[in-house]
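K.L.:
I have a structure I would like to understand better, so I am pasting it below and will then ask my questions one at a time.
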Amino acid sequence: MRKKRILYIESNRDGTVGGSYYSLFYLVRGLNKDLFQPIVMFYEGNPLIGKFRELAIEVVVYDHYSPSDGRIRNFSDFIKFFPRLVRDVLWGHLKVTKKLDEIKPDIVHLNNSYAVNHDWVLACKRRGVKIIAHDRGTRPPASFQTRFFVRFLDAIISVSDSYLEYVTGQNLRPKKSCRVYNGLDVTEFDGHCLEPKKQIRRKLNVPNGDILIGMVGNIDYWKGQIVLVKAMSLVVRKFKNVKVVLVGKTARGAEKYEEEIRACISRHGLDDNIIFTGYRDDIPALLNAFDIFVHASVEPEPFGRVILEAMAMKKPIVATNSGGTPEQIVDGKSGLLVPMADERAMADAILTCLDDRQKADELGINAWIRLQDKFSIEKMVSGIEDIYQKVLPL
């Protein structure tokens, strides 16, 4: 039986490496290679390409752009965006059709969203190739062009029930939509196999006696790093020996936001308490060194992969109560949830963990148990393979 060729397209071009990249990596790694042959396409180089190639996965770096999703609400918008629509979609699809003809996939799997990559949707429709979109976080009202092109998708995979409800509520292919949670390979998060905590702290210039709070995510407005900084201005009133590590690269276009964060740090006298690390590829070891993990998104988080990673390390988690996060964390049992953009509530939750270390440990253990039960890598891969077989019976 001929293997089915799956072309995965990662069209992000903001210079960062986020959770969607890692979820794609683990999906491709776990795929049944007796049935499927994966090919992965990136629109620009990134640090994970080498990891894919180590698995003997074919990788294509294609210098292309994602079609813009300008809002067409009325005739005036149509006139305004029509030239861009022609360039991005009609002309763009001719280019990707050639690529489609070269690679000859049986299924195209868009790794990010149905709100972009309209050129691929049109090309697949012309060539009779099945196409699936992974919804990892599109939430604004669907534009005219998105509503038009989404009709041609063979399936939409949402990463949480929260986002599945949004898709079906927008009436975007509700009968073709389903939810598959992201999974995590817990074997990579064995604290005994990682760089020792003391060594990590020494590299970060954090004394062993200090409390270490960590946040992992690209520096970008919607990630909410500035909320954590403001919360820390309240926490240090009680605990002076607290350090915060902000792990992640600054996204393109977010340079001003980083400046705002640094100004806020200086304004609150926290220059000695906050550490920026930039991009790191040793996230498990960093998480292992944290005492508390914080996730501070100020917009609904689709399904934070890094939250799963903190759960795997049995860390007490403080996270914003939005998007798919409440599906990951049971408030008060496997973590503490707080309202978005509420630094006082965040500070109170952090103080709860610091004041009651036994409670904090229980939160971390319960999070690990929940991860094992609901968010395994095997469940994710199996769920997506089932979709492939429904779309294109073997």
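The values are calculated or read from the model by the stated rules, or taken from the named source; none is laboratory data. Remember, it's a predicted structure, so these values are computed and weren't measured experimentally. Heads up, the Cβs are rebuilt from the backbone with ideal geometry, glycines too, and the neighbour counts pull from every protein chain shown.
K.L.:
Among the residues of region 119-128, are any in a loop (DSSP other than H, G, I, E, B) and exposed (fewer than 15 other Cβ atoms within 10 Å of the Cβ)?
P.N.:
yes
K.L.:
If a residue must be of a type in the set (D, E, K, R), closer than 19 Å to residue 328 by Cα and either over 17 Å from the mean Cα position of the chain (by Cα) or buried (at least 19 other Cβ atoms within 10 Å of the Cβ) (or both), how many such residues does region 162-194 contain?
P.N.:
Count: 2.
K.L.:
Could you check region 149-173 and list, in sequence order, the residues that are touching a residue at least 12 places away in the same chain (Cβ under 8 Å) and not in a helix (DSSP H, G or I)?
P.N.:
153, 154, 155, 156, 157, 158, 159, 160, 170, 172, 173
K.L.:
Select from region 197-235 the residues that are polar (S, T, N, Q) and under 18 Å from residue 294 (Cα atoms) and write down the one among them that is farthest from the chain's Cα centre (by Cα).
P.N.:
The selected residue is 233.
K.L.:
Check 315, 333 and return the single one that is touching a Leu at 6+ places or on another chain (Cβ under 7 Å) and of a type in the set (Lys, Arg).
P.N.:
315
K.L.:
Being touching a helix residue (DSSP H, G or I) at 6+ places or on another chain (Cβ under 7 Å), surrounded by 15 or more Cβ atoms within 10 Å (Cβ to Cβ) and more than 22 Å from residue 189 (Cα to Cα) is true for just one of 350, 377, 387. Which residue is that?
P.N.:
Going through 350, 377, 387 in turn, the sole match is 350.
K.L.:
Which of the residues spanning region 219-249 are in contact with a strand residue (DSSP E or B) (Cβ under 7 Å, 6 or more places away or on another chain) and either over 19 Å from residue 345 (Cβ atoms) or among the hydroxyl-bearing types (Ser, Thr, Tyr) (or both)?
P.N.:
219, 241, 243, 245, 246, 247, 248, 249
K.L.:
Among the residues of region 131-154, are any polar (S, T, N, Q), farther than 22 Å from residue 25 by Cα and modelled with pLDDT of 90 or more?
P.N.:
So far as region 131-154 goes, no, none of its residues is polar (S, T, N, Q), farther than 22 Å from residue 25 by Cα and modelled with pLDDT of 90 or more.
K.L.:
Can you find a residue that is farther than 30 Å from residue 91 by Cα, part of a helix (DSSP H, G or I) and either modelled with pLDDT under 85 or hydroxyl-bearing (Ser, Thr, Tyr) (or both) anywhere in region 26-40?
P.N.:
yes
K.L.:
Also, quick follow-up: Of all residues being more than 21 Å from the chain's Cα centre (by Cα) and among the hydrophobic types (A, V, I, L, M, F, W, C) in region 263-314, which is surrounded by the fewest Cβ atoms within 10 Å (Cβ to Cβ)? Just the residue, please.
P.N.:
Among those that are more than 21 Å from the chain's Cα centre (by Cα) and among the hydrophobic types (A, V, I, L, M, F, W, C), it is 263.
K.L.:
When both residues are 6+ apart or on different chains and their Cβ atoms are under 8 Å apart, which pairs have a first residue that lies in region 263-283 and is within 15 Å of residue 226 (Cβ to Cβ) and assigned by TED's automatic domain parsing to the domain that holds residue 251, and a second that is at pLDDT 95 or above and basic (Lys, Arg)?
P.N.:
264/230; 268/230; 273/243; 274/243
K.L.:
Tell me whether region 250-265 contains one or more residues that are in contact with a strand residue (DSSP E or B) (Cβ under 8 Å, 6 or more places away or on another chain) and assigned to a strand (DSSP E or B).
P.N.:
yes
K.L.:
Go through (1) modelled with pLDDT of 90 or more; (2) outside the structural domain of residue 380 (by TED's automatic domain parsing); (3) hydrophobic (A, V, I, L, M, F, W, C); (4) buried (at least 17 other Cβ atoms within 10 Å of the Cβ) one by one and return the number of the condition residue 239 breaks.
P.N.:
Of the numbered conditions (1) modelled with pLDDT of 90 or more; (2) outside the structural domain of residue 380 (by TED's automatic domain parsing); (3) hydrophobic (A, V, I, L, M, F, W, C); (4) buried (at least 17 other Cβ atoms within 10 Å of the Cβ), the odd one out for residue 239 is (4).
K.L.:
Now a separate question. Quickly run through region 290-306 and pick out the residues that are among the hydrophobic types (A, V, I, L, M, F, W, C) and more than 19 Å from residue 211 (Cα to Cα).
P.N.:
Scanning region 290-306 gives 298, 303, 306.
K.L.:
Being within 19 Å of residue 211 (Cα to Cα) and buried (at least 16 other Cβ atoms within 10 Å of the Cβ) is true for just one of 367, 319. Which residue is that?
P.N.:
Only one candidate passes the filter, namely 319.
K.L.:
Pull up region 236-249, narrow it to residues that are touching a residue at least 24 places away in the same chain (Cβ under 8 Å) and either in a helix (DSSP H, G or I) or of a type outside the set (Val, Ile, Thr) (or both), then point me to the one that is nearest to residue 292 (Cα to Cα).
P.N.:
243
K.L.:
Taking the residues in region 174-202 that are assigned to a loop (DSSP other than H, G, I, E, B) and in contact with a Ser or Thr (Cβ under 9 Å, 6 or more places away or on another chain) as candidates, determine which candidate is farthest from residue 246 (Cα to Cα).
P.N.:
Here the residue is 180.
K.L.:
Separate question: Given the residues 179, 151, which is the only one that is in contact with a Leu (Cβ under 6 Å, 6 or more places away or on another chain) and either assigned by TED's automatic domain parsing to the domain that holds residue 112 or more than 30 Å from residue 251 (Cα to Cα) (or both)?
P.N.:
None of the other options fit; the residue is 179.
K.L.:
List the number of the failed condition for residue 201; all other conditions in (1) basic (Lys, Arg); (2) within 30 Å of residue 318 (Cβ to Cβ); (3) outside the structural domain of residue 254 (by TED's automatic domain parsing) hold.
P.N.:
(3)
K.L.:
Only one of these conditions is not met by residue 205: (1) part of a loop (DSSP other than H, G, I, E, B); (2) farther than 30 Å from residue 342 by Cα. Which number is it?
P.N.:
(2)
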